[in-house]
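What follows is a set of notes on a single structure, which appears directly below.
The values are calculated or read from the model by the stated rules, or taken from the named source; none is laboratory data. Fair warning: this is a prediction, and the values are worked out from it, not measured in the lab. Cβ: placed from backbone, ideal geometry, glycine included. Neighbour counts: every protein chain shown. Heads up: the accessible areas ignore ligands, DNA and RNA and are worked out on the full protein's heavy atoms, side chains in. Shrake-Rupley method; radii C 1.70, N 1.55, O 1.52, S 1.80 Å.
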Amino acid sequence: GEVAALAADVNALALGEVECLAVHAGAVARDGRVVAFPARSGAGKSTLTAACLRAGLDLVSDEALCLDWHTGAVRPYPRPIALTPWSATALGIAPAGPDTLVTATDLGAAVATEPLRLTHVVLLDEPGGTPGPRPERRSTAVAELLRRSFSHWRRPDRAFELAHELLRAVPVHRLSPTDPAADAATLAALLT
């Protein structure tokens, strides 16, 4: 609703001011290793994040992948996850109006603690495509990270360098969402 839209705008402004490269992405972790899935609003990041928490992964964020400008280390950006009625129902949660807010604890999960490092990037396709994950070019992921960034404009040269540095050593995959639980299992398998 309108409150969710206003909260998203305020959040985007705040993330534009943080001292890190902040990318619009969901991110989950296991044992300090992070898989991030950058995507536009409405692409299913929150649903996938919540499903991953149900699958035993830790919450980094459903909103922003925050990368230290100097080291590339991932900083947690946890906040309550807003689920649409469809998402809540798909996850077995009774919807509570236009947006159902849940925390990591509500989903039986923990918030990831530092140190955290990015180990996989998964680009989300539109639902109904070829099931995956399937390999994707690193250059495509670099472009997606920069396109989805809230704060690259603060240090554009470093944002470009950092995206290249991180993705030089990180596998990139593409995934067409099918079912939240199955997609969460796919991401969890990347972190085993």
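Annotation: His152 fulfils all but one of (1) open to solvent by 60 Å² or more (accessible area, probe 1.4 Å); (2) in contact with a helix residue (DSSP H, G or I) (Cβ under 6 Å, 6 or more places away or on another chain); (3) without any contact (Cβ under 8 Å) to a residue 60 or more places away in the chain; the unmet one is (3). Residues that are in a helix (DSSP H, G or I) and among the small types (Gly, Ala, Ser) were ranked within the range 88-138; the one that is least open to solvent (accessible area, probe 1.4 Å) is Ala88. Can you confirm whether the range 50-73 contains a residue that is of a type outside the set (A, V, I, L, M, F, W, C), at pLDDT below 95, part of a strand (DSSP E or B) and surrounded by 20 or more Cβ atoms within 10 Å (Cβ to Cβ)? Checked against the condition, which is being of a type outside the set (A, V, I, L, M, F, W, C), at pLDDT below 95, part of a strand (DSSP E or B) and surrounded by 20 or more Cβ atoms within 10 Å (Cβ to Cβ), the range 50-73 yields no hits at all. For Leu162, are the conditions met, namely being within 19 Å of Arg33 (Cα to Cα) and either at pLDDT 95 or above or not in a loop (DSSP other than H, G, I, E, B) (or both)? Answer is yes for this residue.
Within the range 31-48, residues that are open to solvent by 10 Å² or more (accessible area, probe 1.4 Å) sit with their Cβ atoms under 6 Å from residues that are polar (S, T, N, Q), at 6+ positions apart or across chains, in these pairs: Arg33/Thr119; Thr47/Ser87.
Scanning the range 139-149 for residues that are exposed (fewer than 14 other Cβ atoms within 10 Å of the Cβ) and under 17 Å from Lys45 (Cα atoms) yields one hit, Arg147.
All conditions in (1) under 20 Å from Thr178 (Cα atoms); (2) β-branched (Val, Ile, Thr); (3) within 12 Å of the chain's Cα centre (by Cα) hold for Ile93, with the sole exception of (3).
Scanning the range 64-84 for residues that are over 21 Å from Arg155 (Cα atoms) and touching a helix residue (DSSP H, G or I) at 6+ places or on another chain (Cβ under 9 Å) turns up Arg79, Pro80, Ile81, Ala82, Leu83, Thr84.
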